[in-house]
Amino acid sequence: MAAEYSANALQLVQANASVIFTESPVPCNRGLAYHRDESGLFRVASPGLLGVSCCRRCCCSDLPSALYQVAFHANISVPTGGDVTTPISLALFIDGEEDPSSLMIFNADAVNEFGNVGADIIVSVPCICRCASVSVRNTSTQAINVQNANIVFDFAGVRR
């Protein structure tokens, strides 16, 4: 299962705000990745949520996890009136917490000068938790322009 979501139009993303995704060119048809268009929040589910048990037993030891490879790419810039002396950045957030390995930083030389950023991470969803939230947020201290944002969720299977 792979699902792709995008936002091609230019959007101004305030500091600490999420990138909004407006299109679902390849939505998940298995119910493992859920997104509402015009939102920045995604939910990825454990197959156990769909009645396919991935847990061998109900106990906290030896919990299997559903694994997703999450890939994000976008073009970002400092908007007109912004400060080019400070780097701008985005990061992937899992259940509301930043994944430090996904931090994407761009140093612009001028306003409206775009640079491409991207990150790929593995998200683990323990079967007992059933689902996790994923978002992409502006971790800069100022608003940034985001264009051609694209995120892909690829279900990699269950790790036991």
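The values are calculated or read from the model by the stated rules, or taken from the named source; none is laboratory data. These numbers were taken from a predicted model, which means no experiment stands behind them. Ideal geometry is used to build each Cβ from the backbone, glycine not excepted, and the neighbour counts take in all protein chains shown. Side chains included, ligands, DNA and RNA excluded: accessible areas come from the protein's heavy atoms. Shrake-Rupley method; radii C 1.70, N 1.55, O 1.52, S 1.80 Å.
Checking each residue in the stretch 58-85 for being open to solvent by 10 Å² or more (accessible area, probe 1.4 Å) and either touching an Asp or Glu at 6+ places or on another chain (Cβ under 9 Å) or modelled with pLDDT of 95 or more (or both) picks out Q69, A71, H73, N75, P79, T80, G81, G82, D83, V84, T85. Take the conditions (1) assigned to a strand (DSSP E or B); (2) out of contact with any helix residue (DSSP H, G or I) (no Cβ under 8 Å at 6 or more places or on another chain); (3) buried (at least 17 other Cβ atoms within 10 Å of the Cβ); A119 misses just one of them, which is (2). For the stretch 123-139, the count of residues that are loosely packed, with under 14 Cβ neighbours inside 10 Å, hydrophobic (A, V, I, L, M, F, W, C) and at negative phi is zero.
Of the residues making up the stretch 21-45, those that are in a loop (DSSP other than H, G, I, E, B) and surrounded by 18 or more Cβ atoms within 10 Å (Cβ to Cβ) are C28, L32, G40. Is it fair to say I121 is in contact with a Pro (Cβ under 8 Å, 6 or more places away or on another chain), farther than 16 Å from L32 by Cα and not acidic (D, E)? No, not satisfied.
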